[in-house]
Each structure stands twice: as C-alpha cells, then as structure tokens.
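Scroll down for the structure; my scribbles are underneath it.
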Amino acid sequence: MLESVEKLKAAFEEALAKVSDSEELEKLRIAYLGKKGAVADFMKELKNMDNESKKEFGKEVNILKDAIDASIRSFGEKLDQARLDAQIRNAKKFDFTIPSDQPEGSLHPITIVQRRIEDIFKSMGFIIEDGLEIQTEYNNFEAVNIPKNHPARDMQDTYYLSNGQLLKTHTSAAQNYIMRKYGAPKKGEPPLKVLFPGRCFRNENIDACHENTFWQMEGMMIGEDISISNLIYFMKVLLSEVFERDIKVRLRPGFFPFVEPGFELDINCLICGGEGCPTCKNSGWLELLPCGMIHPNVLRMGGIDPDKYTGFAFGLGLTRLAMMKFGITDIRVLNSGNLKALKQFVD
Ligand code: PHE
C-alpha cells in the first residue's frame with residue numbers, strides 16, 4: 001500500500017514538471033486533490049482496512065496530500081510571477097510619454113556602465129544604495145575621518161551652500177549613513193555588501209580630462225574576516241567583467257584618511273595603449289580605483305566595532321571608466337547634452 005503512495009507521488013511530480021500554464025495546473029489539481037481525484041480514491045480504501053494499517057496508511061496519505069497541495073501552490077505562485085514578469089517586460093516597449101514623431105532615445109554612456117557594474121555586483125550579493133547629492137559637512141568629511149582643517153580637505157575643492165551644507169565631493173559621503181542603516185552583520189549572517197553610485201561635485205577648471213560634475217561608484221564590504229585579498233578579488237572581477245578582456249593594472253600605496261592601508265589601483269590607459277596621451281597625462285596609466293581597508297575610526301563613527309569587524313571600500317571613477325570603455329577622449333562630451341555624440345554608445 002505504502003508503495004502505491006510513493007508511486008502516486010512520483011506520477012504527480014512527473015505530471016507537474018510538464019505543466020506550463022495555470023489552466024493545466026488547475027486540471028492537475030482536480031485530478032489529484034479533487035473530490036473524485038487520486039488522493040480521494042486512496043482515502044476510500046481506508047474504510048476496508050484494519051485499525052493499525054488505517055492509522056499508518058492514513059498518515060502517509062495525509063502527508064502526500066499536503067505535499068501535493070504545497071507543490072501546486074508554489075508552482076502557481078511561480079506561474080503568476082512569470083506572467084507578471086512577462087507583462088512588465090512587454091510593457092517596457094511602450095513609453096507613452098514619447099511624442100510619436102520622435103525617434104527613440106538611448107542610454108547615456110555612464111548609465112550603461114553603471115547598470116552593467118550594478119548587475120555584476122548584484123550577482124555577487126551586493127545591495128545597491130543611493131546617496132544624497134546635498135550633504136552635511138559631517139557626512140562628507142568628519143564621518144570619513146577628515147576633521148576640520150585637515151589638509152585632505154584641500155584635495156577636494158568643495159562647493160559650499162549658503163546654509164552650511166555642501167555638494168558631495170565623493171560617494172564616501174554615504175558611508176556613515178549606510179553603516180548606520182544596516183549595521184554590522186549579526187552572527188551567522190553574510191558580510192554587509194553595498195554598492196552606492198552617485199554624482200559628485202568639485203570646483204575644477206574644466207578641460208578634456210577634468211569636470212566639476214562627475215560620477216563615482218563606491219563599494220563596501222564589512223564583516224568579521226574581511227581582508228585585502230577580498231578587496232583584490234572583487235576589483236579583479238569588476239575590471240574583467242567590464243572590459244571583457246585582461247587589463248594591465250598596478251597597485252600603489254595611496255593616501256585617503258578613511259582607509260588604512262590605502263591603495264591606488266591604476267589601469268593601463270586604453271586610449272593610447274600605455275604610450276602616453278593627454279587623457280592619461282602622458283603617463284600611460286590612469287588612476288581608476290582608489291581603495292583600501294576601512295579605517296577603524298570610520299567604522300566606529302558608523303556604529304561598528306572595529307575590534308570585531310573589518311572591511312574594504314573602493315571608490316571607482318565611473319566617469320573615467322565609461323570614457324575608457326567607449327574610447328571617449330574628451331570628458332566634456334558626457335555632460336554636453338550633445339545627442340549626436342552621446343547616442344552612438346551602446347552596450
Ligand atoms: N572617496 C575617494 C575620492 O573620491 C575615493 C576612495 C573611496 C578611496 C573609497 C578609498 C576608498 O577620492
């Protein structure tokens with residue numbers, strides 16, 4: 001008898017694997033769980049059994065019934081989700097806000113690279129966060145270990161607002177907020193992994209390689225045993241996925257008050273192939289990925305115990321990365337709004 005319960009279960013699973021829409025699923029449900037269904041047939045047989053087998057067999061049939069019910073429900077949810085996903089995918093084809101006589105637009109090169117990197121990091125378990133563009137001095141500087149009058153403030157010529165706030169000079173301005181929002185991982189939880197892209201502002205004289213408005217993409221990973229090898233691993237994955245080929249890199253010590261040790265990860269200039277050109281200031285190398293282990297003071301200010309947790313942070317120059325990826329030699333093109341130039345870039 002128990003054998004036939006097993007057989008029925010196997011037959012159900014086989015039938016379920018062939019179901020492709022909710023109509024078929026409903027038919028299957030009726031065939032198994034309906035009043036005249038296969039499970040009900042089993043129940044009928046209980047009548048003719050002695051008490052002992054009735055108990056044993058009844059239990060097995062009930063377990064089977066619950067399992068079939070649960071499988072049907074979860075399959076139904078999957079079908080609903082797939083239907084919804086398909087609807088959303090198709091809905092994207094219609095943007096009712098576009099005037100009918102206008103040609104379709106295209107994504108900005110920075111958006112293309114941003115989305116690509118977000119996808120890579122999401123697949124590795126990172127959360128995507130957003131940071132404000134108007135920030136307090138505390139978040140932009142103090143909270144990342146750059147106290148008032150520290151010379152490191154001079155490296156970031158800042159736009160202050162009349163109310164004492166400022167336009168964020170780097171994405172690191174969101175570090176403190178993110179640490180406080182999520183906190184350190186609890187026992188048994190995976191490390192905290194966050195990616196936070198954003199637009200940054202510094203008072204620069206604009207030329208082919210300087211802009212006052214540019215994009216960075218910052219990442220952080222905080223946990224109990226995070227080390228420099230984790231940092232290097234993630235940086236390598238990032239670069240090989242974005243460029244889809246091997247890129248020559250070099251790691252040098254770099255100073256940022258919020259990391260210790262700190263590094264500059266440079267890539268071989270892809271515009272000139274390392275020979276030297278205006279984009280790389282004739283050095284053949286481009287500073288692309290400053291990074292390092294998060295300074296204990298920064299963790300502490302974020303409410304995370306530096307004696308227990310470590311972490312890394314990196315601040316990718318997203319604007320520069322987009323220029324390298326698409327071979328854009330003049331940074332001014334990116335903020336120009338010049339559609340003729342901008343719409344030629346596709347992923
Ligand atoms: N915030 C730094 C800058 O803009 C970059 C950075 C981020 C460096 C994270 C190290 C770690 O210059």
For residue 346 and residue 207, calculate 0.36 nm times their separation in residues minus their Cα-Cα distance, and state this gained length in nm to one decimal. 47.5 nm
Full-extension gain in nm, residue 44 to residue 119, via 0.36 nm per residue minus C-alpha separation: 21.6 nm
Hey, how much of the P(r) for the stretch 282-347 falls beyond 19 Å, as a percent of Cα pairs? 53
So what is the relative contact order of the stretch 2-90, in percent, for Cα pairs below 8 Å that sit 6 or more residues apart? 31
If pairing requires two Cys Cβ atoms under 4.7 Å apart, which cysteines of the chain are left without a partner? 200, 209, 291
Residue-span extension gain [residue 236 to residue 98] - 0.36 nm each, minus C-alpha spacing: 45.7 nm
Relative contact order for the stretch 109-342, counting Cα pairs under 8 Å that sit 6 or more residues apart, in percent: 22
Give the lysines whose C-alpha is closer than 20 Å to that of residue 343, dropping any in the same chain fewer than 8 places away, or say none. 92, 93, 325
Near residue 168, which lysines are there with a Cα under 24 Å away, not counting those fewer than 8 places off in the same chain? 148, 181, 193
The chain - accessible surface per residue (Å², probe 1.4 Å): 57
Can you list which of the trypsin sites (Lys or Arg not before Pro) found in the stretch 246-317 are DSSP loop residues with at most 16 other C-beta atoms within 10 Å? 248, 281, 308
The stretch 145-218 - Kirkwood radius from inverse mean 1/r over Cα pairs (Å): 14.5
Using a Förster distance of 51 Å, the FRET efficiency for residue 142-residue 84 (Cβ separation, nearest 0.05): 0.65
About its Cα centre, how strong a charge dipole does the stretch 109-342 have in debye, to the nearest 20, once Lys and Arg get +1 and Asp and Glu get -1 at the Cβ? 260
Helix hunt in the chain: which complete DSSP H runs extend at least 27 Å axially by C-alpha with mean Kyte-Doolittle at least -1.0? 51-91
Determine, at each q value in 0.11 (inverse angstroms), the log₁₀ of I(q)/I(0) that the Debye formula gives when each Cα of the stretch 2-90 is one equal point scatterer. -0.37
Distance in nm between residue 30 and residue 161 label points, each 7 Å along Cα→Cβ, equals 6.3
Would you list which lysines come within 20 Å of residue 186, measuring only between C-alpha atoms, while excluding same-chain residues fewer than 8 positions from it? 308
Just the projected area, averaged over all directions, of the convex hull on the alpha carbon atoms of the chain: how many nm²? 27.0
Find the eigenvalues of the gyration tensor of the Cα atoms of the stretch 216-347, then list the square roots of 5 times those eigenvalues as equivalent ellipsoid semi-axes, largest first, in whole angstrom. 31, 16, 13
Cβ under 12 Å from residue 331's Cβ, residue 331 left aside: what net charge do those residues give with Lys, Arg +1 and Asp, Glu -1? -2
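The values are calculated or read from the model by the stated rules, or taken from the named source; none is laboratory data. A quick note: this is a predicted structure, and the numbers were derived from the prediction, not measured. So basically every Cβ, Gly included, is an ideal-geometry build from the backbone, and we count neighbours across all protein chains shown. We work out accessible area using only protein heavy atoms, side chains counted, and drop any ligands, DNA or RNA first. Shrake-Rupley method; radii C 1.70, N 1.55, O 1.52, S 1.80 Å.
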